[in-house]
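Step one of this worksheet: look at the structure below.
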Amino acid sequence: MDKFKDECGVFGIFGHPEAANMTYLGLYALQHRGQESAGIASSDSQQIRVSKAMGYVAETFDSGELSRLPGTLAIGHVRYSTAGESKLSNAQPILIDCAHGQIAICHNGNLVNAGELRDELVHQGSIFQSSSDTEVVLHLYARSKAGSIEDAVVESVSQVQGAFSFLMLSKDRLIAVRDPHGFRPLALGRLDDAYVVCSETCAMDLIGATYIRDVEPGEVLVVSADGLRSFKPFPSAPLAHCVFEHVYFARPDSYVYGKSVNEVRTNLGRILAREQPVDADVVVPVPDSGVCAAMGFAEESGIPLRMGLIRNHYVGRTFIQPQSSIRHFGVKVKLNPVRSILDGRRVILVDDSIVRGTTSRKIVRMVRAAGAKEVHVRISCPPTISPCFYGVDTPSRSELIAATHTIDEITEYLEADTVAYLSLEGLLSAVGEERQNYCSSCYTGQYPVEFPRDQKSYLQLALKLDKEPVTN
Ligand code: SF4
């Protein structure tokens, strides 16, 4: 499907006799955040062991593999590659042994100065095992002369910029670090005597843990036998929570940034219905991502919601393409129209976003082929005009249909009767009073974290922006 690609999901637990099993379950609940690789590192206080592989969580671990991960503390990761290629050496957690002892790390986010730091480190003799930006932090950590693990963590993390929710595991403690902007979510919870830290609260729900609070932007949280210790060693910065977590990434049953994703997402649909009304017979979501917004749209407009597109939930990562070309095969494998709902109707098709427009066009055609008289596309976020550099995989600006086409041109390309987006004002009003705390760079092209402009890493970013200057 033509979507921004999910980033990564992290899960950590301290003080549980089945730490690796709990982490497996937590990652299972976070699978939507990354499907390329999965990994778990656990510690029995003597040794950290790691297991990781390409593929889904359920494919990667069985009970035998989990039994080889003993101990009461563990961290885990599901990955979609945002920096670095999709290969096993880039899977996380990454485990090293250095002067501070063993440490494992996993990361959700993207470090905008990783390229320049890496060049410096390589110049000084460091040997990298992966192309992941996260490994830079481990090199900085290993080189730190600080007297404690916590100080070495702070010294290394202070040198990186961008988006990071890190979980680190030493032999006897779990350390969570969130960047001062708070780009990516990270929540703290409790399961009996154990502490849990994870990307989304849906992972806590699965294992019966209770949400306590978010790890705060700029906070370093150390969980050890002495309990919780929290400190804020980094200079404070303007908050920039990723608003796209609410639009698309996070599961609707999660709370992120302290808000119910379902409530915000449904609200996006309500506001969209007020901003972009249209006379029609039926509201149809593009499943699954458009469902909450479509419910809000239907509720607000009074037009009935019908599941006019059915999603096949059993499509794996790969399927065998038939030799003969079946029209729209790729989309048909995932979605099928319900003729009895669509035939002869004026349809409002609600989706969360349009990236390139290729899939949306196929869906519009599919709905028309099932007999729809009119197709009105309504999108529950503003036009996506700029790439993300904070942990979300996006195409370059020239591939984003809204960056290169007017609304009329998009309507024509999608072969829709009308196309309309939610306004930026509408999006930000849906998150409520904390609207100034959100990043919305992919809708504005205004970036809250400055890039190292004259460095190679900036040039790489500029290539993604098709060599246009970045506006900070
Ligand atoms: S640019 Fe968009 S996707 Fe990236 S962090 Fe900001 S809001 Fe999220």
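The values are calculated or read from the model by the stated rules, or taken from the named source; none is laboratory data. Quick caveat: nothing in here was measured; it's all calculated off a predicted structure. Cβ sites come from the backbone with ideal geometry, for glycine too, and all protein chains shown count toward neighbours. The accessibility values were calculated without ligands, DNA or RNA, using every heavy atom of the protein model including side chains. Shrake-Rupley method; radii C 1.70, N 1.55, O 1.52, S 1.80 Å.
Per residue, how much accessible area does the chain have with a 1.4 Å probe, in Å²?
40
If you stretched the chain out fully between LYS373 and PHE231, how much longer would it get, using 0.36 nm times the residue separation minus the C-alpha to C-alpha distance?
Roughly 45.1 nm would be gained on extension.
Which angle from 0 to 90°, rounded to the nearest 10, does the C-alpha axis of helix 114-123 make with the longest principal axis of the chain?
The two axes meet at around 40 degrees.
Could you tell me which of ASN267, MET295, VAL419 has its Cα farthest along the dipole of the chain towards the positive end, charges placed at Cβ (Lys, Arg +1; Asp, Glu -1), taken about the Cα centre?
VAL419
Give the Rg (one decimal place) followed by the Dmax (whole number) of segment 76-180, computed from C-alpha coordinates and expressed in Å.
12.6, 36
Considering Cα pairs under 8 angstrom that are at least six residues apart, work out the relative contact order of segment 65-158 and quote it in whole percent.
Relative contact order, segment 65-158: 24 percent.
Among the listed pairs LYS145/LYS171; LYS259/LYS332; LYS171/LYS232; LYS145/LYS259; LYS52/LYS362, which are separated by more than 30 Å between their Cα atoms?
In this structure, LYS259/LYS332; LYS145/LYS259; LYS52/LYS362 lie more than 30 Å apart at Cα.
What is the calculated FRET efficiency for ILE310 to ASP193, with r their C-beta to C-beta distance and R₀ = 41 Å, to the nearest 0.05?
0.40
Which of VAL286, VAL177, PHE244 sits closest to the plus end of the dipole of the chain, meaning its Cα is farthest towards the positive end, when Lys and Arg get +1 and Asp and Glu get -1 on the C-beta?
VAL286
So what's the angle, to the nearest 10 degrees on a 0 to 90 scale, between helix 291-301 and the longest Cα principal axis of the chain?
Helix 291-301 and the main axis of the chain meet at about 40 degrees.
For the chain, what is the calculated [θ] at 222 nm in deg cm²/dmol (nearest 500), taking -39500 (n - 2.57) for each run of four or more DSSP H residues and dividing by its residue count?
Taken over the chain, the calculation gives -7500 deg cm²/dmol.
How large is the dipole of segment 157-311 about the Cα centre if only Lys and Arg carry +1 and Asp and Glu carry -1, each at its Cβ, rounded to the nearest 20 debye?
In debye, rounded to 20, segment 157-311 gives about 320.
Based on the Cβ-Cβ distance from ASP44 to CYS98, what FRET efficiency comes out when R0 is 22 Å, to the nearest 0.05?
E(calc), rounded to 0.05, equals 0.65.
If you roll a 1.4 angstrom probe over the protein chains with everything in place, what fraction of the accessible area of segment 55-214 belongs to carbon and sulfur, to the nearest %?
C and S atoms contribute 47 percent here.
Between the helical axis of 134-143 and the dominant principal axis of the chain, each derived from Cα atoms, what acute angle in degrees is found, rounded to the nearest 10?
Once rounded, one gets 20 degrees.
Suppose R0 equals 60 Å; then what is the FRET efficiency for SER89 and SER340 from their Cβ-Cβ distance, rounded to the nearest 0.05?
Once the sixth-power term is evaluated, E becomes 0.75.
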